[in-house]
Amino acid sequence: MKLSERLASVDRRLLYLLLSLVVILPLVLKPKTRVRISEPVRDAFQAVDQLAAGSVVMISIDFDPSSAPEVQPMLIALLRHAFQKNLKVIVMGQLALGLPLAEIALNQVAPEMNKTYGQDYLNIGYRPGYVAMMVGIGREIRDYFRTDYRGVPLDSFEFMRSVHTYRDIGLLVSLAHGAVAEAWIQYVGGRYNQAIIVGCTGVNAPSLYQYLHSGQIKGLIGGLQGASEYESLIAQPGSATLGMPAQSAAHGLIILLLVIGNLGYLLSRRRAKT
Amino acid sequence: MIANIIGTWVAATLTLAILSFLYKDNPLYKVAEHLYVGISAGFALIYAWAFDVYPMLVDAFRHNLAQKNYWEAWILMVPTILGVMMLCRSIPKIAWISRWPISFTVGTGAGLGLVAAVQGYLLPQISDTLRPLVTVNNFVVYVGVIATLFYFYFSKEHKGGLGVVSRVGIIFIMVAFGASFGYTVMARISLLIGRFYFLLHDWLPVIR
């Protein structure tokens, strides 16, 4: 069998095994890599960093477990940063399966930073039909959320008494894996001039750069790379930073396989011609 | 503590069951797949009741009645009736009734969407494109936008000057596809890393 034929008939399961090894080894060996901070992530960091202590940050959980490995580290890093700055955090969710991820992150980060539910942060839950809710909060948040997710009235939390509309929210953060981030930008950014930053999966990042370029969002954290950059900026490396060497190794393998595959294709085509 | 350990073991078993599809389709994979679909649907149903129907309808109705806000209480019957009409879709004989709430939803969505599309997308993007040609980046944006628009102009055959411009347009489109595909590969690898991280960190104490 010729080399080109051999290359074309490699069992795909061998490639899966190779990719698994390339991902597992860096996770176990933990090689040190330098994280270069990109401008969109630095802008997102500064948007949070420049808020005065006591300002309200609303974090919308617009992702679910299918994209948690990329977006969950962003949520954890953002919560750490917000709590460090003594900001008040309101968490809400647009996807039914997303809100438990917010609870997991809050239960991890809040005790680390000595933050108390109701005083420093609040989870107001989930409402289906996000477009009407997004526009409605511009009028009064209580029209859609009269209570937190446990059924306690919003006005029983001191910091919430002064929060009514987007005017009272310093920064809106959409952590998204789909079209919800664009809805926040178009409906809330466009109509109410709300300052917004977006953390999203790698798949969504290219379509959001146009909003960054036009100034409709203050910053963009894209994919695991973006999450690791944010972790570096707050000097608290987490799972994203740990995953980046594996990411680079996997990319290297994919590029190598692309080159080998195309070489095999070119060789077989040349042979067919002769 | 015990609940956490059981949860981690269940999650790890289901992860391995799903990954076993890479070898070949098998009953273990099918069980995990069906569990995911069923649990997601159940979760969505509970959330719809706990975070939508109960607080926005049942609780709001009772609250407004108690406050003697009769108008605000009874107006809630309008969306309730529309919601019930929507359910008629599952009964073929009266399925036509569901067209009314659907048209209401489409009308509201279109109205909201139109304003957002113009105010939050079209105008800011046009205004951002119209930048002075003083930097290379701005020049590239101009060429890219114009050439891509010409590529989607189908009223005239793409020959001569129009053909050249539309070919430039397709280069820009391909670059955009390439960037998008590159990011997609990165995202998929991240998911794999996430699962291996869970297996090696939370399930097996290999990474500490």
| query | Of the residues B:111, B:120, which is exposed (fewer than 12 other Cβ atoms within 10 Å of the Cβ), within 18 Å of residue A:133 (Cα to Cα) and within 12 Å of chain A (Cβ to nearest Cβ)? | reply | B:111
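The rows are residues; the columns are (1) loosely packed, with under 15 Cβ neighbours inside 10 Å; (2) more than 30 Å from residue B:13 (Cβ to Cβ); (3) of a type in the set (Ser, Thr, Tyr).
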{"position": "B:152", "(1), (2), (3)": "yes, yes, no"}
{"position": "B:155", "(1), (2), (3)": "yes, yes, yes"}
{"position": "B:178", "(1), (2), (3)": "yes, yes, no"}
{"position": "B:193", "(1), (2), (3)": "no, no, no"}
{"position": "B:196", "(1), (2), (3)": "no, no, no"}
| request: Take the range A:31-48 and flag every residue that is within 14 Å of another protein chain (Cβ to nearest Cβ), exposed (fewer than 13 other Cβ atoms within 10 Å of the Cβ) and in a loop (DSSP other than H, G, I, E, B). | output: A:31
| note | Considering residues that are within 19 Å of residue B:121 (Cα to Cα) and assigned to a strand (DSSP E or B), the number found within the range A:165-198 is 7
| task | Inspect the range A:158-179 for any residue being touching a Leu at 6+ places or on another chain (Cβ under 6 Å) and among the small types (Gly, Ala, Ser) and give the result as yes or no. | result | yes
| request: Among the candidates B:133, B:162, single out the residue that is farther than 26 Å from residue A:204 by Cβ and surrounded by 14 or more Cβ atoms within 10 Å (Cβ to Cβ). | output: B:162
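Results for (1) farther than 30 Å from residue B:83 by Cβ; (2) not in a loop (DSSP other than H, G, I, E, B), shown as yes or no for each residue.
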position	(1), (2)
B:101	no, yes
B:106	no, yes
B:114	no, yes
B:121	yes, yes
B:127	yes, yes
B:134	yes, no
B:140	yes, yes
| Selection status of residue B:65, under 29 Å from the mean Cα position of the chain (by Cα) and away from chain A (no Cβ under 12 Å) | no
| task | Collect the residues in the range B:68-88 that are within 24 Å of the chain's Cα centre (by Cα) and either loosely packed, with under 11 Cβ neighbours inside 10 Å or within 30 Å of residue A:186 (Cβ to Cβ) (or both), keeping them in residue-number order. | result | B:83, B:86
| remark: Flagged in the range A:49-96 as charged (D, E, K, R) and assigned to a strand (DSSP E or B), in numbering order, are A:62, A:88
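Taking the range A:133-152 on its own, how many of its residues are outside any helix (DSSP H, G or I) and closer than 20 Å to residue A:118 by Cα?
So the count comes out to 10.
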| message | With assigned by TED's automatic domain parsing to the domain that holds residue A:71, of a type outside the set (Asp, Glu) and under 18 Å from residue B:56 (Cβ atoms) as the only criterion, which of A:121, A:144, A:117, A:166 stands out? | response | A:144
| task | Provide a single number: the residues in the range B:12-50 that are farther than 30 Å from residue A:129 by Cα and either of a type outside the set (Phe, Trp, Tyr) or touching a residue at least 12 places away in the same chain (Cβ under 8 Å) (or both). | result | 18
| Residues being at pLDDT 95 or above and under 20 Å from the mean Cα position of the chain (by Cα) - total across the range A:1-49 | 13
| field | Tally of residues being polar (S, T, N, Q) and farther than 29 Å from residue A:139 by Cα across the range A:186-206 | value | 2
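Is it fair to say residue B:20 is in contact with a Lys or Arg (Cβ under 6 Å, 6 or more places away or on another chain), surrounded by 14 or more Cβ atoms within 10 Å (Cβ to Cβ) and on the phi < 0 side of the Ramachandran plot? Spell out how you get there, then give the answer.
On the way: in contact with a Lys or Arg (Cβ under 6 Å, 6 or more places away or on another chain): no; surrounded by 14 or more Cβ atoms within 10 Å (Cβ to Cβ): yes; on the phi < 0 side of the Ramachandran plot: yes.
Answer is no for this residue.
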| task | Show the residue pairs that are 6+ apart or on different chains and have beta-carbon atoms under 7 Å apart, the first residue being within the range A:15-38 and aromatic (Phe, Trp, Tyr), the second being at pLDDT below 95. | result | A:16/B:22
| request: Examine the range B:173-181 for a residue that is touching a helix residue (DSSP H, G or I) at 6+ places or on another chain (Cβ under 7 Å), within 30 Å of residue A:18 (Cβ to Cβ) and touching a residue at least 24 places away in the same chain (Cβ under 8 Å), and state whether such a residue exists. | output: no
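With the requirement that a residue be aliphatic (A, V, I, L, M) and more than 7 Å from every other protein chain (Cβ to nearest Cβ), what does the range A:202-219 give you?
Matches in the range A:202-219: A:208, A:212, A:217.
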| task | Within the range A:202-224, count every residue that is crowded, with 24+ Cβ neighbours inside 10 Å, among the polar types (S, T, N, Q) and part of a helix (DSSP H, G or I). | result | 0
| said: Against the conditions (1) within 14 Å of chain B (Cβ to nearest Cβ); (2) surrounded by fewer than 21 Cβ atoms within 10 Å (Cβ to Cβ); (3) over 23 Å from residue A:80 (Cα atoms); (4) free of Cβ contacts under 8 Å to residues at least 60 places away in the same chain, where does residue A:164 fall short? Just the number, please. | reply: (1)
| request: Output the residues belonging to the range A:119-149 that are of a type in the set (Ser, Thr, Tyr), closer than 18 Å to residue A:181 by Cβ and at the interface with another protein chain (Cβ under 10 Å from one of its Cβ atoms). | output: A:126
| query | Does the range A:220-236 hold any residues that are touching a Ser or Thr at 6+ places or on another chain (Cβ under 8 Å) and more than 13 Å from chain B (Cβ to nearest Cβ), and which are they? | reply | A:229, A:231, A:232
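The values are calculated or read from the model by the stated rules, or taken from the named source; none is laboratory data. No experiment lies behind these values; they were computed from the predicted model shown. Virtual Cβ from ideal backbone geometry, glycine too; neighbours counted across all protein chains shown.
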